[in-house]
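Since the structure comes first, as structure tokens, the remarks are kept for the end.
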Amino acid sequence: MSGFRVIEFQLLKECNARCIYCAYAGDVPGMNFFPLDLIKKTLSEELPGWVWFEGGEVTMSEESKTHLLKAIEIASALGVKSRINTNAQKLTPEWSKRLVKAGLEFACVSFDTLDPGKFCLLRGFDPSSGQVKLNELIYNSKGLINTGITVDLETTLTRYNIDELISLYEFAESCAAGETQVMMGVQCLVAIYDELFELYPGFDSMYNAISQLIEHAKKGRIPVRICCSPLVPCHYPDLYKHHKNVIWVGCSCGVDYVHIHGNGDALLCGFWDHAEPIGNLYEKSLADIWESSMLKKDGNTIAPENCTQCPYWEGTPRCHNLCFSVSHRITGKFTTHSYSLVRRKVRVS
Ligand SMILES: C[S@@+](CC[C@H](N)C(=O)[O-])C[C@H]1O[C@@H](n2cnc3c(N)ncnc32)[C@H](O)[C@@H]1O
């Protein structure tokens, strides 16, 4: 066992959306499902705390939902907790109940905006379908929340929806009642290809919007969970004051989380350069891939210049407040802090 907290499987590549920022955009059709026996073998060997299932879109058809249900049952039988990442467009309340009965414990629902026009723009839907699609998302999200599992309504932060963070928080808060466990998520963009820097909000507007959101959440009823933020504590320490309603998720790339792509490639994260897998699950066990990866070893031992003198340095193996994926893609190394690389590439708004 390698001590994974999370193993994430891309259960299928096919998706019913065409998000403008998708990290997996190159990987469209072929509705080939990830084999359940390979999931079972890997989970039995590794017994991680959690397995995350995503796509493509795992709930896009009856066939994919049935495959997902079986994958969750396999995890449950092994005592592994299941999470899905979904756009929920086809996740009816009936299907939510079935998945929860099979053992689903956490759902991260993509929820970028409350504006139908922006929704279509960001998710690549036909503009005439905006209100209908948004209503489906709201209805299905509420169905999922009503099952009582933890639901993260997560916005992927771009220039287009940065002014909506407080409204999105208030919407998520309005869905939380009684025994339900709801949180609002903010997923910052990870630039797996250069065009994504065009969608990035400027750093000053990001700082302003996120500080306002944090202050709002501190007075609110539900937590906000912020992932992959380029606003690292060494540059924005005031954002990181402890509060029960503010959850910062540091990078766990190469430490205790791995992403298995639809073709079996193991990546240090789902937003890792797809041309640089650390191995393939069809050829080797996850333990063999993980233990022998030089890329992972380098990522965990090579510190960016000046970081080791930083008061926020977390010590060996590394600091969790930077994006190794971006650093490695842009420079081919781990010696530059992602903050300076991203900041240089983002247009000032
Ligand atoms: C890859 S999608 C797959 C699941 C599902 N189809 C969905 O839309 O939620 C999972 C999450 O990754 C986010 N995402 C996709 N590309 C990203 C990128 N380049 N940087 C940050 N988040 C990204 C999506 O917005 C979504 O919240």
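Only a single criterion out of (1) out of contact with any strand residue (DSSP E or B) (no Cβ under 8 Å at 6 or more places or on another chain); (2) closer than 22 Å to ASN280 by Cα; (3) within 16 Å of the ligand (Cβ to nearest atom); (4) assigned to a helix (DSSP H, G or I) is not satisfied by PHE33, namely (4).
Residue check: THR155 meets all listed conditions (1) touching an Asp or Glu at 6+ places or on another chain (Cβ under 8 Å); (2) without any contact (Cβ under 8 Å) to a residue 24 or more places away in the chain but one, namely (2). Based on this model, can you work out whether GLY270 counts as part of a loop (DSSP other than H, G, I, E, B) and more than 30 Å from TYR169 (Cβ to Cβ)? No: the conditions fail for GLY270. Identify, please: which residue in the stretch 85-113 is among the hydrophobic types (A, V, I, L, M, F, W, C), touching a helix residue (DSSP H, G or I) at 6+ places or on another chain (Cβ under 7 Å) and under 21 Å from ILE39 (Cβ atoms) and is, among those, surrounded by the fewest Cβ atoms within 10 Å (Cβ to Cβ)? Filtering the stretch 85-113 for residues that are among the hydrophobic types (A, V, I, L, M, F, W, C), touching a helix residue (DSSP H, G or I) at 6+ places or on another chain (Cβ under 7 Å) and under 21 Å from ILE39 (Cβ atoms), the one surrounded by the fewest Cβ atoms within 10 Å (Cβ to Cβ) comes out as ALA102.
Only one of GLU276, GLU283 is assigned to a loop (DSSP other than H, G, I, E, B) and free of Cβ contacts under 8 Å to residues at least 40 places away in the same chain; which? It is GLU283. I need the full set of residues from the stretch 131-140 which are within 16 Å of the ligand (Cβ to nearest atom) and either crowded, with 20+ Cβ neighbours inside 10 Å or touching a residue at least 12 places away in the same chain (Cβ under 8 Å) (or both), in order please. Passing the criteria: LYS133, LEU134, GLU136, LEU137, ASN140.
When the stretch 168-192 is filtered for residues that are within 10 Å of the ligand (Cβ to nearest atom) and touching an Asp or Glu at 6+ places or on another chain (Cβ under 9 Å), the ones remaining, listed by number, are GLY185, GLN187, ILE192.
The residues of the stretch 72-129 that are more than 12 Å from the ligand (Cβ to nearest atom), of a type in the set (Gly, Ala, Ser) and either part of a loop (DSSP other than H, G, I, E, B) or touching a Cys at 6+ places or on another chain (Cβ under 6 Å) (or both), listed by number, are GLY79, GLY103. Would you be able to say whether some residue in the stretch 159-167 is within 12 Å of the ligand (Cβ to nearest atom), under 25 Å from LEU231 (Cα atoms) and either free of Cβ contacts under 8 Å to residues at least 60 places away in the same chain or not acidic (Asp, Glu) (or both)? Yes, there is a match, as at least one residue in the stretch 159-167 is within 12 Å of the ligand (Cβ to nearest atom), under 25 Å from LEU231 (Cα atoms) and either free of Cβ contacts under 8 Å to residues at least 60 places away in the same chain or not acidic (Asp, Glu) (or both).
When residues in the stretch 299-308 are screened for being exposed (fewer than 15 other Cβ atoms within 10 Å of the Cβ) and part of a helix (DSSP H, G or I), 2 of them pass. Taking (1) surrounded by fewer than 19 Cβ atoms within 10 Å (Cβ to Cβ); (2) under 30 Å from SER174 (Cβ atoms); (3) more than 16 Å from the ligand (Cβ to nearest atom) in turn, TYR282 satisfies each apart from (2).
For the stretch 141-257, which strands (runs of 3 or more DSSP E) that fit wholly inside it have 1 or more residues that are surrounded by fewer than 19 Cβ atoms within 10 Å (Cβ to Cβ)? Full working, then the answer.
Details: elements: 150-157, 181-188, 224-227, 246-249.
Once the strands (runs of 3 or more DSSP E) in the stretch 141-257 are filtered for at least 1 residues that are surrounded by fewer than 19 Cβ atoms within 10 Å (Cβ to Cβ), what remains is 150-157, 181-188, 246-249.
Say whether the condition of being within 15 Å of the ligand (Cβ to nearest atom), over 22 Å from TRP272 (Cβ atoms) and not in a loop (DSSP other than H, G, I, E, B) is met by at least one residue in the stretch 4-16. No: the stretch 4-16 contains no residue that is within 15 Å of the ligand (Cβ to nearest atom), over 22 Å from TRP272 (Cβ atoms) and not in a loop (DSSP other than H, G, I, E, B). Is one or more of the residues making up the stretch 258-281 closer than 21 Å to LEU47 by Cβ, out of contact with any Cys (no Cβ under 6 Å at 6 or more places or on another chain) and among the aromatic types (Phe, Trp, Tyr)? So far as the stretch 258-281 goes, no, none of its residues is closer than 21 Å to LEU47 by Cβ, out of contact with any Cys (no Cβ under 6 Å at 6 or more places or on another chain) and among the aromatic types (Phe, Trp, Tyr).
Just so you know, all these numbers are worked out from the coordinates, no wet-lab data involved. These numbers come from a predicted model, not from an experiment. Cβ atoms come from the backbone with ideal geometry, glycine included; neighbour counts cover every protein chain shown.
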